[in-house]
Ligand SMILES: NC(=O)c1ccc[n+]([C@@H]2O[C@H](COP(=O)([O-])OP(=O)(O)OC[C@H]3O[C@@H](n4cnc5c(N)ncnc54)[C@H](O)[C@@H]3O)[C@@H](O)[C@H]2O)c1
């Protein structure tokens, strides 16, 4: 298949690009390198350097590559930035997404895979883990743009017959995730503990997230190509892991790798909880199991070890 991946130079998109190339697909990437890197790209992928919020950039990539499948991963995904500059967030995630969707329909792409966010759209729900029928309640403009774009996809299915596969990711982690920025707490703690620096937990450490390993997310994207019909699927483990457990697991992993160093912090530092953040989050993955044939295969400990080892190698 000819597959165009927007955001394919980023953390998740580049792992998907590599897997699709390995599976024998023809892959192209459209990316403006805002957070992604050329180093992440598989050699066999065709690169279109461009911005999804520029209609001309998107049109050029689609005209030249004529994809049968679009995997839409390019996004502004910094939650705090989305609160500070919601117009820029929407310009990328809604208007940029629409440029991609319009071109997908124009060139006759049959399938549109969209990287949505379970954590960001369900908000503080009473349902734990949250299934796909949970009423959405985004707490940030970022979550709102993900939900909005999902709704456009449902309209495009009705009007243009394009098949959407909406993957609502939990908190994805693994090699290549940025240790800068505000997201990616596993990468951030790993980098800091490898350097012997303190780690800050906002709140008392009992707040939870559902951490899913990037290799498992890639497999969901491989299965999304084979699904006869479209659909919406949570891609998470269904398990809540507290931020304090994240710290302890990363610390123990770094200890195993480097030996227990006394200069390395044994305990996290604490700062006041940040407003607007979800307290608990976990995604019910039974639908993905039943229809996509997907379930997570990587234990939290194994995934953290992969991440820490990668960060140490790339330091
Ligand atoms: N990382 C997570 O935990 C997580 C969770 C839920 C959903 N998602 C979604 O998965 C997707 C990929 O996230 P990631 O973690 O790999 O982030 P990332 O920042 O590593 O990847 C995003 C990619 O999109 C590119 N990009 C950004 N703006 C662009 C633009 N205007 N035009 C073209 N390219 C642009 C970046 O350069 C980067 O390569 C995003 O849509 C994100 O919202 C991620």
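The values are calculated or read from the model by the stated rules, or taken from the named source; none is laboratory data. Just so it is clear, the model here is predicted, and its values are computed rather than measured. Neighbour counts run over all protein chains shown; Cβ positions are idealised from the backbone, glycine included.
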Worksheet item: Does the stretch 75-114 hold any residues that are within 9 Å of the ligand (Cβ to nearest atom) and within 19 Å of residue 219 (Cα to Cα), and which are they?
Response: 114
Worksheet, complete the sentence: For the stretch 1-31 the number of residues that are more than 10 Å from the ligand (Cβ to nearest atom), outside any loop (DSSP other than H, G, I, E, B) and in contact with a strand residue (DSSP E or B) (Cβ under 8 Å, 6 or more places away or on another chain) is 9
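Which is away from the ligand (no atom under 13 Å from the Cβ) and assigned by TED's automatic domain parsing to the domain that holds residue 129, of 194, 267, 223, 258?
Values: 194 fails: assigned by TED's automatic domain parsing to the domain that holds residue 129; 267 fails: assigned by TED's automatic domain parsing to the domain that holds residue 129; 258 fails: assigned by TED's automatic domain parsing to the domain that holds residue 129.
The conditions single out 223.
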Worksheet item: Which of the residues that make up the stretch 243-281 are out of contact with any helix residue (DSSP H, G or I) (no Cβ under 9 Å at 6 or more places or on another chain) and touching a residue at least 24 places away in the same chain (Cβ under 8 Å)?
Response: 244, 263, 269, 270, 271, 272, 273, 279, 280
Practice prompt. Go through the stretch 75-85 and count every residue that is in a helix (DSSP H, G or I) and surrounded by fewer than 17 Cβ atoms within 10 Å (Cβ to Cβ).
Written response: 3
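Look at residue 43 and say whether it is assigned to a loop (DSSP other than H, G, I, E, B), more than 13 Å from the ligand (Cβ to nearest atom) and more than 18 Å from the chain's Cα centre (by Cα). Working first, answer last.
Working: assigned to a loop (DSSP other than H, G, I, E, B): yes; more than 13 Å from the ligand (Cβ to nearest atom): yes; more than 18 Å from the chain's Cα centre (by Cα): yes.
When the stated conditions are applied, residue 43 passes them.
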Worksheet, complete the sentence: Note: among 189, 149, just one is assigned to a helix (DSSP H, G or I) and touching a strand residue (DSSP E or B) at 6+ places or on another chain (Cβ under 8 Å), namely 149
Worksheet item: Would you pick out the residues in the stretch 134-144 that are closer than 16 Å to residue 75 by Cβ and more than 9 Å from the ligand (Cβ to nearest atom)?
Response: 138, 140, 141, 143, 144
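Can you give me the number of residues within the stretch 150-182 that are under 30 Å from residue 291 (Cα atoms) and surrounded by 14 or more Cβ atoms within 10 Å (Cβ to Cβ)? Let's see the steps before the verdict.
Going through the stretch 150-182, the residues under 30 Å from residue 291 (Cα atoms) turn out to be 150-177.
Remaining after also requiring surrounded by 14 or more Cβ atoms within 10 Å (Cβ to Cβ): 150, 152-153, 156-157, 160, 162-177.
So the answer is 22.
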Worksheet entry | Number of positions in the stretch 115-133 that are assigned to a loop (DSSP other than H, G, I, E, B) and either at pLDDT below 95 or more than 16 Å from the ligand (Cβ to nearest atom) (or both) | 8
Fill in: Qualifying residues in the stretch 46-69 (those that are more than 18 Å from residue 14 (Cα to Cα) and out of contact with any strand residue (DSSP E or B) (no Cβ under 8 Å at 6 or more places or on another chain)) - the one nearest to the ligand (Cβ to nearest atom)
53
